[in-house]
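Enquirer: Here it is, the structure in full.
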Amino acid sequence: MPSFDIVSEVNQVEVRNAVDQCNKEISNRFDFKGSDARVEINEKEKLLGVYADDDFKLGQVRDVLTGKLAKRGVDVRCLQLGNVEKVSGNKVRQDLTVRTGIEQELGKKIVKLIKDSKLKAQSSIQGDAVRVSGAKKDTLQDAIALVRKSISDFPLQFKNFRD
């Protein structure tokens, strides 16, 4: 029975490379001279800490980071912005969470979407992925098209297609 998995993955090596490139550009840019602007990565918790002197520079650092991530092929929709918090003095910090895996509520939404579409395909949540199986490959391709059209605010990949 043909099947495929709907997953959401991020290449951590590319994220680390993008953070390194971002820090290098920030250290060389004239408008950041003498400032404490930087991006720190916590790979274990999948957090990116963005530091800057004020809110305006924080936005600029975030723009540089998203540009570097996009150039490296990392979908920027996987970043979830945290609250901007004051650190020491007038410096600010913001945490960006790198979301991987399909959350339970999004998985339920995908399963319901496929079930309501009247396609002859079954879907089930398997950990942080959704497995879709059906009798024909054409039905599964229709399911992929339906999910791609319906869910645009979260990066999804379709992997492990088996015949």
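Enquirer: If you place +1 on the Cβ of every Lys and Arg and -1 on the Cβ of every Asp and Glu, how big does the dipole about the Cα centre of the chain come out, in debye to the nearest 20?
Expert: The calculation lands at about 560 debye.
Enquirer: Pairs of Cα atoms under 8 Å, at least six residues apart: use those to get the relative contact order of region 12-98, whole percent. Numbers along the way, then the final one.
Expert: On the way: 132 pairs, mean separation 26.4, N = 87.
Relative contact order here is 30 percent.
Enquirer: Rounded to the nearest 5, what % of the DSSP beta bridges within the chain are antiparallel ones?
Expert: Here the antiparallel bridges make up roughly 100 percent for the chain.
Enquirer: Turning to a different aspect of this structure: Please label the shape of region 12-98 as rounded, prolate or oblate, based on the square roots a ≥ b ≥ c of the eigenvalues of the alpha-carbon gyration tensor (a/c under 1.5 means rounded; beyond that, a/b larger than b/c means prolate, else oblate).
Expert: Oblate is the answer for region 12-98, as a/c is 1.5 or above yet b/c matches or exceeds a/b.
Enquirer: Compute log10 of I(q)/I(0) for the chain with the Debye formula, placing one identical point scatterer on every Cα and leaving out solvent, at q = 0.17, 0.21 Å⁻¹, to two decimals.
Expert: Calculated log10 I(q)/I(0) at the listed q: -0.94, -1.23.
A short reminder: the numbers here are calculations on the coordinates, not readings from a lab. None of the values given here were measured: they were computed from a predicted structure. Heads up, the Cβs are rebuilt from the backbone with ideal geometry, glycines too, and the neighbour counts pull from every protein chain shown.
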